[in-house]
Amino acid sequence: MLTQKLLSRLKNASAVTALTGAGISAESGVPTFRGKDGLWDNKKVEELATPQALRNNPELFWKFYRWRKKLINEVKPNLGHYSLVDFERIYDDFFLVTQNVDNLHREAGNKNIVELHGNIFNTKCADCDKSHTEPISESTQIPICNFCGGPLRPDVVLFGENLQEKNLRAAQEAAAGCEIFFSIATSSLVEPAASLPFLAKANGSYVVEINSEETPLSQHADECLRGATGKLLPALVIIIEKLQS
Ligand code: BV8
Ligand code: ZN
């Protein structure tokens with residue numbers, strides 16, 4: 001049940017920011033990072049999504065990313081993703097900050113978006129940083145840069161790497177400047193993304209968490225909507241459209 005406070009904001013807001021995490025893609029069939037079916041569970045991923053893994057064991061690193069790209073290539077956006085495209089249509093100043101690297105928000109149609117942790121389908125050279133648009137050859141175990149011969153890598157932010165300054169700044173500005181901040185389907189554990197809802201709150205935004213479970217953010221949010229994004233977000237769009245009709 002939504003409070004009157006949230007209903008009036010949903011009706012009157014124009015600046016709305018949403019932060020999403022792996023949970024919004026779970027209903028498309030993309031495993032999340034933590035939790036029962038999580039990728040992280042076998043700890044392998046936490047060691048693999050690092051620059052050290054790329055340097056010390058590039059074969060395993062690429063085996064892992066090829067497996068994830070193949071898996072993501074076979075799935076489609078779900079109703080949760082499409083609901084955020086509706087948010088962008090409804091609110092004049094809607095901004096989507098995603099931690100996900102699976103490209104599903106872009107595929108669903110969001111334009112006002114920043115991919116804080118990059119996009120698994122973009123590739124760059126680990127040595128000269130040149131981006132590569134050609135398809136990755138499946139023959140060689142480690143694809144090689146055709147400019148400097150260095151190893152290629154997905155253009156994602158690995159653990160221990162800094163985020164692109166311009167992306168982080170855009171996300172922080174959107175958090176600090178919005179009337180409603182939605183934190184959607186993220187465990188709120190990975191920094192600096194996990195600090196965004198606190199920045200929003202410090203600047204007077206109404207912080208709403210949408211998650212099937214409790215997270216470290218829950219006790220600080222102004223409102224928590226417990227449930228699956230594939231159901232909650234479409235229902236929220238219907239409520240907003242009724243409020244604004
Ligand atoms: C940085 C791209 C400065 C790669 C990702 C020690 C050494 C080095 C660094 C650190 C350190 N200690 C802390 C750090 C900082 C580190 C960090 O935060 N670590 C955490 C784990 C403690 N951060 C970094 O390293 C960042 N860089 O800080 O640079 C620096 C430099 C050097 C040293 C220190 C600092 C870089 C972070 C980016 C890492 N890259 N991905 C790839 O994907 O291959 S992060 C990865 O986790 C994904 O991007 C993912 O999106 C992200 C966050 O996870 P979630 O999205 O929240 O997913 P999760 O599975 O955890 O949760 C899913 C949620 O959905 C759950 O709450 C669940 O209940 C919910 N859910 C599930 N289904 C549904 C649902 N809700 C609703 N409906 C459903 N159907
Ligand atoms: Zn190169």
Expected output for region 144-170 (first residue over 15 Å from ASN122 (Cβ atoms), partner in a strand (DSSP E or B) and within 16 Å of ligand 2 (Cβ to nearest atom), Cβ below 6 Å, 6+ apart or cross-chain) is GLY150/CYS125
The one condition LEU225 fails out of (1) within 12 Å of ligand 1 (Cβ to nearest atom); (2) assigned to a helix (DSSP H, G or I); (3) under 22 Å from SER8 (Cα atoms) is (2)
Exception for ALA194 within (1) under 30 Å from LEU48 (Cα atoms); (2) at pLDDT below 95 falls at (2)
Review point. Within region 110-124, can one find any residue that is on the phi > 0 side of the Ramachandran plot and of a type in the set (Gly, Ala, Ser)?
Key: yes
Residues in region 68-82 that are within 12 Å of ligand 1 (Cβ to nearest atom) and of a type outside the set (A, V, I, L, M) total 5
Among LEU48, LEU19, LEU54, LEU10, the single one that is surrounded by 15 or more Cβ atoms within 10 Å (Cβ to Cβ) and free of Cβ contacts under 8 Å to residues at least 60 places away in the same chain is LEU48
Scanning region 135-167 residue by residue, those open to solvent by 90 Å² or more (accessible area, probe 1.4 Å) and either more than 13 Å from ligand 1 (Cβ to nearest atom) or touching a Cys at 6+ places or on another chain (Cβ under 7 Å) (or both) turn out to be PRO135, GLU138, SER139, GLN141, ILE144, ASN146, PHE147, LYS166
Taking region 171-212 and keeping residues more than 16 Å from ligand 1 (Cβ to nearest atom), closer than 22 Å to LEU232 by Cα and either in a loop (DSSP other than H, G, I, E, B) or free of Cβ contacts under 8 Å to residues at least 40 places away in the same chain (or both) leaves CYS178, GLU179, SER205
Region 50-160: strands (runs of 3 or more DSSP E) wholly inside it with 1 or more residues that are within 16 Å of ligand 2 (Cβ to nearest atom) are 118-125, 152-156
Residues in region 17-58 that are closer than 15 Å to PRO154 by Cβ, over 16 Å from the mean Cα position of the chain (by Cα) and modelled with pLDDT under 90 total 2
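The values are calculated or read from the model by the stated rules, or taken from the named source; none is laboratory data. All values derive from a computational prediction rather than experimental measurement. Virtual Cβ from ideal backbone geometry, glycine too; neighbours counted across all protein chains shown. Calculation scope for accessible area: heavy atoms of the full protein, side chains included, ligands and nucleic acids excluded. Shrake-Rupley method; radii C 1.70, N 1.55, O 1.52, S 1.80 Å.
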